[in-house]
């Protein structure tokens with residue numbers, strides 16, 4: 001993408017932006033979580049595993065939700081049109097910056113926009129003095145996990161019952177990924 005066509009701008013709560021961010025992805029695989037407990041040890045393993053059939057997922061979120069501490073939202077503009085968003089919130093208690101929302105419209109993916117937004121988030125987090133940038137994703141969102149790993153994020157935790165008591169069986173375990181600053 002030509003750098004002259006694109007820029008990152010900060011949005012205020014009263015600025016124009018989509019009422020809902022609708023994210024879609026498809027994945028032919030997932031990270032299968034297995035947990036084994038023995039005498040004096042726990043063993044956890046995530047193994048990339050093919051799905052029985054390609055899974056299509058759609059979900060929606062909103063920017064500037066009340067639960068986000070110190071929200072800062074940035075939009076990627078291409079020819080003055082918003083095509084990507086990242087929302088950050090700073091957690092004072094543990095000095096980490098959380099990525100609450102991150103989305104690039106489907107037709108603009110794989111053009112460097114997500115990387116530019118994530119680099120901008122890293123810059124903002126460093127300016128704030130945060131020690132780490134963290135985010136949540138799911139074991140079934142392999143395209144997003146691949147992007148984050150390529151960027152330098154690492155697994156820092158998981159929650160096997162964040163969404164339901166059957167998250168492992170549903171192949172949708174919450175992963176926490178972190179990028180040390």
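A few points about this structure:
- For the stretch 40-81, alpha-carbon Rg and Dmax in angstrom: 19.3, 58
- DSSP finds beta bridges in the chain, and of those with both partners inside it, around 95 percent are antiparallel.
- For the peptides 7-16, 162-171, 81-90, 142-151, the ranking by packing is 81-90, 142-151, 162-171, 7-16, with the highest mean count of neighbouring Cβ atoms within 10 Å listed first.
- Computed from Cα positions, the angle between helix 142-151 and the longest principal axis of the chain comes to roughly 70 degrees.
- Contour excess over end-to-end distance, with Cα ends at residue 62 and residue 77 and 0.36 nm allotted per residue: 3.6 nm
- Chain lengthening between residue 22 and residue 92 when straightened (0.36 nm per residue, less Cα-Cα): 22.3 nm
- Spacing of the modelled spin labels on residue 46 and residue 10, each 7 Å from Cα toward Cβ, amounts to 3.2 nm.
- Mean projected area in nm² (Cα convex hull; one quarter of hull surface) for the stretch 3-134: 11.2
Laboratory data are not the source of any read-out in this text; all were calculated from the coordinates shown. Quick caveat: nothing in here was measured; it's all calculated off a predicted structure. For neighbour counting, all protein chains shown are included, and Cβ atoms are generated from backbone atoms with ideal geometry for every residue, glycine included.
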